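The values are calculated or read from the model by the stated rules, or taken from the named source; none is laboratory data. Since the structure is predicted, the reported quantities are computational estimates derived from the model, not experimental observations. Here the Cβ positions follow ideal geometry from the backbone for every residue, glycine too, while neighbour counts run over all protein chains shown. What goes into the accessible areas is simple: the full protein's heavy atoms, side chains included, and nothing from ligands, DNA or RNA. Shrake-Rupley method; radii C 1.70, N 1.55, O 1.52, S 1.80 Å.
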Amino acid sequence: MSNIPAELRYAATHEWARLEEDGTVTVGITDHAQDALGDVVFVELPELGIDIQAGSEAGVVESVKAASDIYAPVSGTVIAINEALEEAPETINEDPYGSGWFFKLRPLDKAELDELLDAEGYGEVAESESH
Amino acid sequence: MTERTPLYAEHLAAGAKMVDFHGWDMPLHYGSQVEEHHVVRKAAGMFDVSHMTVVDVDGSDAGDWLRRLLANDVAKLEASGRALYSAMLNEDGGILDDLIAYRRDGSWRLVVNSATREADLAWMAAQRRGDVVLTERPDLAMIAVQGPHALARAGKWLGDAAAAVQGLKPFGFVEAGDRFIARTGYTGEDGFEVILPGDEAAAAWQTLLAAGVAPAGLGARDTLRLEAGLNLYGQDMDETATPLESNLAWTVAFKPPERDFIGRAALTRQREQGVPRRLVGVKLEARGVLRRGQQLSYDGRVIGELTSGAFSPTLGAGIGFARIAADVDAEQLQVDMRGKALPVARVKLPFVRRGEGA
């Protein structure tokens, strides 16, 4: 069973979103996603400063198995990207909710977070895909 | 219902992620296939290859029959204890399978792919002539122990046979009791493959594990063989390609000219008319991963596609094999990667030789 922290919000496309105390939103991929992908060997991060829409493409994760698009769970401006992933993409496998984060957004509308799945809802999505 | 090898419980105990591999429940990896790859390049790893099909060939006509069945010539094996790699062709020169043929005392052994098991057995039965007896050996298991430290770490398990195995040249083998130990592999590293009774496989696995030989799965096996420049049947070759189009011309014995192997006429014709395609190694000269099916182009013209692709853990780059038009001599090509044209360079195989980037 994969790890799905209760305090995060999730997209059905396997990204997690965390509202930080400063009002920004950190985004990464879930433990279930990294496990399904296998070893991550390459990432393409979004450009700093761009505005992205919820549900639009924000990057790519390539694993030994497949290439997967990463979608923005909420709309906003990219204010930070995790450049360390370029040299150490395996961090995503090792610590998907911590040092394996992808990018940070300044959200356009924090209310969009409420439209995402909670841990229980995402757990059902992950479970249905495991079979 | 998938089949299980005698090592199924060992895989689960080692935390394997199991996948359906052509009807067999096999380990994809035991946590990280990239780590398993590095372990085999730098130390010692072991693979369960018990799903592969072992066929014993007996009878007074067995040798002559194999000289007709296989594109390589088993007469090159002058004594028992030697093996060779060969393609098995249809009359059109298309590759039905690739295999290793072992010459034993008065008999032969073949190891063929599991995905082609039924078709291979039917073909062999249909081609059988004279005093030839084919016996499949599902009772046997097979473990590949590979890496620069493979022989040293397996020394205790090899026991009395250790010195004999040490002394083997590549493609030599010894039979020690009911263990059949060959200096072969599919990784480009030193090591051996052992065929042994299925009910002895788990104990062998546990002893090797305790000696520091790490379990490695199908994922690492694929990237290791790709780096080593070794084809995978069903991807890099099949019935639609001849050995001459599959970087396997070296495995076809046209001499002596009187040996009438199946597919010979078609290959001779193709050689005379010109081989239209060839299989080459390519390396991505940008960040990313090459994948099977991606198209290659040169000068705006599509010239072929990747038959295998992966991220090479040793080189830290995308690598692959591509079947391309034979009239293209250019070293610099382009790959269409999800709509983007990226540069790839043709690379002489293997990509990696004994742990080092070539």
Would you point out which residue out of B:277, B:292 is under 25 Å from the mean Cα position of the chain (by Cα), within 14 Å of another protein chain (Cβ to nearest Cβ) and surrounded by fewer than 21 Cβ atoms within 10 Å (Cβ to Cβ)?
-> B:292
Can residue A:84 be described as under 20 Å from residue B:289 (Cα atoms), away from chain B (no Cβ under 14 Å) and open to solvent by 10 Å² or more (accessible area, probe 1.4 Å)?
-> yes
In segment B:124-138, how many residues are of a type outside the set (Lys, Arg), closer than 14 Å to residue B:262 by Cβ and surrounded by 13 or more Cβ atoms within 10 Å (Cβ to Cβ)?
-> 2
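Return yes when residue A:38 is within 28 Å of residue B:310 (Cβ to Cβ) and over 14 Å from the mean Cα position of the chain (by Cα) and no when it is not.
Details: within 28 Å of residue B:310 (Cβ to Cβ): yes; over 14 Å from the mean Cα position of the chain (by Cα): yes.
So residue A:38 passes the test.
I'm checking my understanding of the structure. Among residues of segment B:246-273 that are of a type in the set (A, V, I, L, M, F, W, C) and open to solvent by 40 Å² or more (accessible area, probe 1.4 Å), which one is farthest from residue B:87 (Cα to Cα)?
Quick first cut of segment B:246-273, residues of a type in the set (A, V, I, L, M, F, W, C) only: B:248-250, B:252-254, B:261-262, B:265-267.
When the remaining residues are screened for being open to solvent by 40 Å² or more (accessible area, probe 1.4 Å), the result is B:249-250, B:265.
On the way: B:249: 10, B:250: 11, B:265: 15 Å.
Looking at residues that are of a type in the set (A, V, I, L, M, F, W, C) and open to solvent by 40 Å² or more (accessible area, probe 1.4 Å), I get B:265.
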Unmet requirement for residue B:313, which otherwise passes all of (1) within 13 Å of chain A (Cβ to nearest Cβ); (2) in contact with a helix residue (DSSP H, G or I) (Cβ under 9 Å, 6 or more places away or on another chain); (3) within 23 Å of residue B:242 (Cβ to Cβ) = (3)
Sort out which residues of segment B:167-183 are under 22 Å from the mean Cα position of the chain (by Cα), open to solvent by 50 Å² or more (accessible area, probe 1.4 Å) and not acidic (Asp, Glu), and write them in order of number.
-> B:169, B:170, B:171, B:179
Tally, over segment B:315-350, of residues that are assigned to a loop (DSSP other than H, G, I, E, B) and either acidic (Asp, Glu) or buried (at least 22 other Cβ atoms within 10 Å of the Cβ) (or both) = 3
Got a sec? Which of B:274, B:309, B:300, B:263 is among the small types (Gly, Ala, Ser) and in contact with a Lys or Arg (Cβ under 7 Å, 6 or more places away or on another chain)?
-> B:309
Checked pairs for segment B:23-51, first open to solvent by 10 Å² or more (accessible area, probe 1.4 Å), second at pLDDT below 95 and of a type in the set (S, T, N, Q), C-beta under 9 Å and 6 or more apart or across chains, list as B:23/B:2; B:24/B:2; B:25/B:2
So, first residue free of Cβ contacts under 8 Å to residues at least 60 places away in the same chain in segment B:249-265, second residue assigned to a loop (DSSP other than H, G, I, E, B) and open to solvent by 40 Å² or more (accessible area, probe 1.4 Å), Cβ within less than 9 Å, six or more apart or across chains; the pairs are B:249/B:275
Please tell me if residue A:69 is touching a strand residue (DSSP E or B) at 6+ places or on another chain (Cβ under 8 Å), open to solvent by 40 Å² or more (accessible area, probe 1.4 Å) and more than 11 Å from chain B (Cβ to nearest Cβ).
-> no
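Out of segment A:87-110, which residues are more than 13 Å from chain B (Cβ to nearest Cβ) and either surrounded by 17 or more Cβ atoms within 10 Å (Cβ to Cβ) or in a strand (DSSP E or B) (or both)? Full working, then the answer.
Quick first cut of segment A:87-110, residues more than 13 Å from chain B (Cβ to nearest Cβ) only: A:95-110.
A:96, A:97, A:100, A:101, A:102, A:103, A:104, A:105, A:106, A:107 - these are the residues of segment A:87-110 that are more than 13 Å from chain B (Cβ to nearest Cβ) and either surrounded by 17 or more Cβ atoms within 10 Å (Cβ to Cβ) or in a strand (DSSP E or B) (or both).
Okay, residues lined up against (1) closer than 30 Å to residue B:36 by Cβ; (2) open to solvent by less than 10 Å² (accessible area, probe 1.4 Å):
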position	(1), (2)
A:6	no, no
A:25	no, yes
A:44	yes, no
A:48	no, no
Return a yes/no flag: does segment B:216-231 have any residue that is open to solvent by 40 Å² or more (accessible area, probe 1.4 Å), in contact with a strand residue (DSSP E or B) (Cβ under 8 Å, 6 or more places away or on another chain), at pLDDT 95 or above and over 27 Å from residue B:324 (Cα atoms).
-> no
Kindly establish whether residue B:286 is in a loop (DSSP other than H, G, I, E, B), more than 15 Å from residue B:349 (Cβ to Cβ), among the aliphatic types (A, V, I, L, M) and open to solvent by 10 Å² or more (accessible area, probe 1.4 Å).
-> yes
